[in-house]
Amino acid sequence: MFRTLAVIGLQFGDEGKGKIVDYLSSRYEIVARYQGGANAGHTVITGGKVYKFHLIPSGILHGTICVLGNGMVIDPIQLLEEIKMVKDYSPLKKIRISERAHVVMPYHKEQDMVEEKRKNNKIGTTGKGIGPAYEDKYGRIGIRMVDLLDKEKLEEKVKLALNMKRGFLEKEFNLREIVQSYHEAALQFKKNIIDTSSFLRKSIEEGRSVLFEGAQGTHLDVDFGMYPFVTSSNTTIGGAITGLGIPPHYISNVMGVVKAYTTKVGEGPFPTEIKGKIADEILKKGNEYGTTTGRPRRIGWLDLNLVKYSVEVSGVKYIAISKIDILSGIGEIKVAYAYKYNGKIIKKIPPDPSEISKLTPVYRVFEGWEFTGEDRRNEIPKNMKNYIRFIEEKTGAKVVIISLGASREDTKLLGRF
């Protein structure tokens, strides 16, 4: 086991990172999340209880120290709700919040919906205000966690932001009410707002083990995803460095999480998308509804062209495959390993999304299998092994974990890492 390890999604998000991080967290002293906000959702099932996280790393269920890094955009009201959800785990003793992390304000959520409504090409936003919060960050009118603790300064900053947005927002906001509610919320976790960058660097230098957790997936990365159908932050390994304030060499290795098939929420190109009976069966068996939005996810076959690209961008050495049990009993299973494009065979996604719709996937067909969480102590079937070996062959990364069910216990370790 590596002293520090980053866990990254290799598809469009919803790969099952929350479960994998939960599985690994007991082996680490600190779990640190580096980007995104409440637009990402992790569901963890343990001891018969369901926990839905949007901000706090699921490592909190193991009593692990959980860091919310400077690269995140945090809704303090949502954060308080999650703190209450895990109150039995003494969260305020374990959570560390970056003083530099930006805050999602109520007007960001309004701006999110107004912008989406006025666009010709919809992105499929979650409406959680994430994009506008990052816009304000880079426009230098953002509110940071440290600002919430000084009521007078907070009022000045919120007033400026509202004045800048006047005429665009369709809803009126009460300045005093915003300042009062957000200041009071922050006071409830005032002692948890610290310099997390220094805390992490010192912890690593002292030999403590740290798990770095990303939100969403590589193909939603603002630079390396299918722009403009992307999120507003860097979901790849670079985001861990800037979103936590640590040097690159502090990350010992990178594990990527891949769903055994592909899902996507929102608009945008999806080369291996399928519809009909098989898609409906996977949707139902896999409970493929967004943790944040509740919307049904789009379903497709596994696309190793996308996964290979993600492996290369973030230097992924190890892979965890989630929901491989969902494919049990499906029958023949397809995996895309190339595309036909303008009469040629290619293995790279074009940067122009309008060209992606012209791709025709080239598939390898595998015989199906029967294997679920109840079989986790048994040898995995030959057909599943062939499927896993093909993933390793085409990506160059080693599969070390497979997930065979929704609960923490339904996880099988295939190799050391």
Inset, instruction - For residues that are among the basic types (Lys, Arg) and over 17 Å from GLU99 (Cβ atoms), tally how many sit in segment 141-171. - result: 4
Inset, instruction - Scan segment 395-406 residue by residue and report those that are crowded, with 18+ Cβ neighbours inside 10 Å, modelled with pLDDT of 95 or more and part of a strand (DSSP E or B). - result: VAL399, ILE401, ILE402
Inset, instruction - Would you check if there is a residue in segment 365-384 being within 23 Å of the chain's Cα centre (by Cα), within 20 Å of LEU404 (Cβ to Cβ) and free of Cβ contacts under 8 Å to residues at least 40 places away in the same chain? - result: no
Inset, instruction - Report yes if some residue within segment 373-381 is modelled with pLDDT of 90 or more, touching an Asp or Glu at 6+ places or on another chain (Cβ under 6 Å) and farther than 28 Å from TYR51 by Cβ; otherwise report no. - result: no
Legend entry - strands (runs of 3 or more DSSP E) contained entirely in segment 303-394, each with at least 2 residues that are within 30 Å of GLY238 (Cβ to Cβ): 318-322, 333-341
Inset, instruction - Take segment 42-69 and flag every residue that is more than 16 Å from the chain's Cα centre (by Cα) and either of a type in the set (S, T, N, Q) or part of a helix (DSSP H, G or I) (or both). - result: THR46, ILE60, LEU61, HIS62, THR64
Legend entry - Single match in GLU392, GLU367, GLU409, GLU355 (criterion: closer than 22 Å to VAL7 by Cβ, modelled with pLDDT of 90 or more and surrounded by fewer than 17 Cβ atoms within 10 Å (Cβ to Cβ)): GLU392
Legend entry - Exclusive hit being part of a helix (DSSP H, G or I), hydrophobic (A, V, I, L, M, F, W, C) and within 24 Å of LEU414 (Cβ to Cβ), set LEU92, LEU24, LEU80, LEU5: LEU24
Inset, instruction - Check TYR51 against each of (1) crowded, with 21+ Cβ neighbours inside 10 Å; (2) touching a Ser or Thr at 6+ places or on another chain (Cβ under 8 Å) and name the one condition it does not meet. - result: (1)
Inset, instruction - Please tell me if LEU149 is at pLDDT 95 or above, farther than 30 Å from PRO248 by Cα, assigned by TED's automatic domain parsing to the domain that holds TYR107 and not polar (S, T, N, Q). - result: yes
Inset, instruction - Pull up segment 141-166, narrow it to residues that are more than 28 Å from the chain's Cα centre (by Cα) and among the acidic types (Asp, Glu), then point me to the one that is surrounded by the fewest Cβ atoms within 10 Å (Cβ to Cβ). - result: GLU152
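The values are calculated or read from the model by the stated rules, or taken from the named source; none is laboratory data. The structure displayed is predicted, hence computed values, not measured ones. Positions of Cβ are backbone-derived with ideal geometry, glycine not excepted, and every protein chain shown enters the neighbour counts.
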